Amino acid sequence: MRALTWHGTHDVRVETVDDPEIINPRDAIIKITSTAICGSDLHLYDGVIPGVMPGDILGHEFMGEVVETGKDSTLKKGQRVVVPFTIACGGCFHCKVQQYSACDNSNPAEKQDMSAALYGQPMSGLFGYSHLTGGYSGGQAEYVRVPFSDVGPLVVPEHLEDEKVLFLSDILPTGWMAAENADIEPDDTVAVWGCGPVGLFAIQSAIVMGAAKVIAIDHYPHRLELARKLGAETINFKEVNVREALMEASGGIGVDVVIDAVGMEAHGFAIDNVLDTVKQTIGIGADRAAALKQALLAVRFGGKVSIPGVYGGMTDKWPLGAMMEKGLQIRSGQTHVQKYTTKLLKMIEDGKLDTTFLISHRLPLEQAAEGYKNFHSEQDTWTKVVLKPGMASADAA
């Protein structure tokens, strides 16, 4: 089959690789019909996530048709399914309390030592996201093996085209959980750093949840325009002092809720962020946390902090005093996708949530390397790239 493989920083290639096979009775094989490039895939593209090996197949946002099943799979051939990027067994302690992204059993034992050393306990399995998370092949391919297929995949109705439901695999539940983690109340003013895909879905979710005001922070004009169309006010951080603007918008006490949808590669020219950029570039592993540091200083005393942005290593010059003295509530983590998919699918069907506004480009799988390059360097106009195996180049849009 054809698949997108990683070979180093800014070096991804579509190559011919072995077809996946059923390994476990709970497995299923999915023929991919749509797969997307995620903002967190760019951390792999930039080489700042450890544990990625040459030849690894990338991609964790995908859906398709069931073509083969193990004897214990609950799926049937011919069904259309969206697959959560988090791999969960369904039976461990964490799965039973719906903390699917903390599954104890989905990261193979021989892969657990690296993440256990970094984080205290091993990570769960994720598709296409390094050997830290199990080394599973991703879905930017013609076919993919789905472990624990009786737990994760969501069967979708035939009347809903791929693009309406594809983002149930990751970024829509991630944006929703980011807003849910903030315990939004009707009078809350919510500030969201980053108007990429997750940030935009966090904005949409916060508005649906009844926030009084949502303020979006970014520097790309088109992304800020998308945020305004959703109903948010906007701040261009290259034009104004963000903290001063947020203090003014909140009557001088700070905003009630802050959501960091940027993660470990934040932009900014503050001296600590410049130093973190250098350290990250030479491989020391320092996360660039400028957006999160700014958010912690902008939120009011007793405020709420939600962190859906991906962080993988360490950061320094951390405003620990502000975090403690302000009495902040902080929630973060990989998304428990399986917890939300059924509810969000119903909201899509009822017209309460829209996902298609985000898609800017559709490309054949064979042009995936071009998609990565442009999604990385042209983030204002390449807001979301969907890849289609078998799509003719002439049909790309």
(message) Take the conditions under 30 Å from G351 (Cα atoms), in contact (Cβ under 8 Å) with a residue 12 or more places away in the chain and open to solvent by less than 50 Å² (accessible area, probe 1.4 Å) and apply them to A216. Does it pass?
(response) yes
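Take the residues in the range 3-29 that are among the polar types (S, T, N, Q) and out of contact with any Pro (no Cβ under 9 Å at 6 or more places or on another chain), then tell me which one is most open to solvent (accessible area, probe 1.4 Å). Even if it seems obvious, please write down each step before you answer.
So in the range 3-29, the residues among the polar types (S, T, N, Q) come out as 5, 9, 16, 24.
Those left that are additionally out of contact with any Pro (no Cβ under 9 Å at 6 or more places or on another chain): 9, 16.
Numbers: T9: 82, T16: 102 Å².
Selected residue: T16.
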(request) Can you work out which of the residues in the range 333-346 that are in contact with a helix residue (DSSP H, G or I) (Cβ under 6 Å, 6 or more places away or on another chain) and farther than 13 Å from V82 by Cβ is most open to solvent (accessible area, probe 1.4 Å)? (result) Q334
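Those residues that are assigned to a helix (DSSP H, G or I) and either open to solvent by 10 Å² or more (accessible area, probe 1.4 Å) or touching an Asp or Glu at 6+ places or on another chain (Cβ under 7 Å) (or both), I need them from the range 188-202; list them, please.
Initially, the range 188-202 is screened for residues assigned to a helix (DSSP H, G or I), giving 197-202.
Residues satisfying the conditions are P197, V198.
I'm checking my understanding of the structure. Among residues of the range 347-378 that are open to solvent by 30 Å² or more (accessible area, probe 1.4 Å) and closer than 18 Å to A202 by Cα, which one is modelled with the lowest pLDDT? Lay out the reasoning, then the answer.
Residues of the range 347-378 that are open to solvent by 30 Å² or more (accessible area, probe 1.4 Å), as a first pass: 349-352, 354, 356-357, 360-362, 366-367, 369-370, 373-374, 376-378.
After this cut, where a residue has to be closer than 18 Å to A202 by Cα as well, the list is 351-352, 354, 356-357.
Numbers: G351: 94, K352: 94, D354: 90, T356: 94, F357: 95.
Ranking the qualifying residues of the range 347-378, first place goes to D354.
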(message) Scan the range 59-71 and tell me whether some residue there is under 24 Å from the mean Cα position of the chain (by Cα) and open to solvent by 50 Å² or more (accessible area, probe 1.4 Å).
(response) yes
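Report the residue count in the range 219-236 for those that are part of a helix (DSSP H, G or I) and open to solvent by 50 Å² or more (accessible area, probe 1.4 Å).
Taking the range 219-236 as the starting set, the residues that turn out to be part of a helix (DSSP H, G or I) are 221-230.
Those still in the list that are open to solvent by 50 Å² or more (accessible area, probe 1.4 Å) too: 221-222, 225, 228-229.
Looking only at that region, the number is 5.
For the range 46-62, name all the residues that are of a type in the set (G, A, S) and at pLDDT below 95.
Applying the first criterion (of a type in the set (G, A, S)) to the range 46-62 yields 47, 51, 55, 59.
Within the range 46-62, G47, G51 meet the criteria.
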(message) Being within 20 Å of A368 (Cα to Cα) and at pLDDT 95 or above: is that true of R26 here?
(response) no
(request) Could you tell me whether the range 32-45 includes any residue that is modelled with pLDDT of 95 or more and open to solvent by 20 Å² or more (accessible area, probe 1.4 Å)? (result) yes
(message) Among the residues of the range 80-98, what is the count of those that are buried (at least 18 other Cβ atoms within 10 Å of the Cβ) and either of a type in the set (A, V, I, L, M, F, W, C) or in a loop (DSSP other than H, G, I, E, B) (or both)?
(response) 9
(request) Mind listing just one residue for me: the one in the range 164-187 that is in contact (Cβ under 8 Å) with a residue 40 or more places away in the chain and more than 15 Å from L344 (Cβ to Cβ) and, of those, most open to solvent (accessible area, probe 1.4 Å)? (result) D187
(request) Give the range 322-365 a look and list any residue that's aliphatic (A, V, I, L, M), part of a loop (DSSP other than H, G, I, E, B) and under 23 Å from N181 (Cα atoms), or say none. (result) L328, L353
(request) Looking at (1) modelled with pLDDT of 95 or more; (2) out of contact with any Phe, Trp or Tyr (no Cβ under 8 Å at 6 or more places or on another chain); (3) not acidic (D, E), find the lone condition where S106 falls short. (result) (2)
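Mind checking which residues of the range 203-213 are part of a helix (DSSP H, G or I) and surrounded by fewer than 24 Cβ atoms within 10 Å (Cβ to Cβ)? Before you say what the answer is, go through the steps one by one.
From the range 203-213, those part of a helix (DSSP H, G or I) are 203-208; that's our starting set.
Within the range 203-213, I207, V208 meet the criteria.
Could you list, in sequence order, all residues of the range 237-256 that are part of a helix (DSSP H, G or I), open to solvent by 20 Å² or more (accessible area, probe 1.4 Å) and out of contact with any Leu (no Cβ under 7 Å at 6 or more places or on another chain)? It would help to see each step written out before you state the result.
Applying the first criterion (part of a helix (DSSP H, G or I)) to the range 237-256 yields 242-249.
Those still in the list that are open to solvent by 20 Å² or more (accessible area, probe 1.4 Å) too: 243-245, 247-249.
Across the range 237-256, the qualifying residues are E244, A245, M247, E248, A249.
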(message) I'm checking my understanding of the structure. Among residues of the range 99-123 that are touching a residue at least 24 places away in the same chain (Cβ under 8 Å) and within 17 Å of R145 (Cβ to Cβ), which one is surrounded by the fewest Cβ atoms within 10 Å (Cβ to Cβ)?
(response) P108
(message) Tell me yes or no: at least one residue of the range 188-196 is over 24 Å from the mean Cα position of the chain (by Cα) and farther than 22 Å from L345 by Cα.
(response) yes
(message) With the requirement that a residue be surrounded by 15 or more Cβ atoms within 10 Å (Cβ to Cβ) and modelled with pLDDT of 95 or more, what does the range 309-328 give you?
(response) K326, L328
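The values are calculated or read from the model by the stated rules, or taken from the named source; none is laboratory data. As the structure is a computational prediction, the values presented were derived from the model and not from experiment. Positions of Cβ are generated from backbone atoms using ideal geometry, with glycine treated the same way; all protein chains shown enter the neighbour counts. In case anyone asks, the SASA skips ligands and DNA or RNA and just uses the protein heavy atoms, side chains included. Shrake-Rupley method; radii C 1.70, N 1.55, O 1.52, S 1.80 Å.
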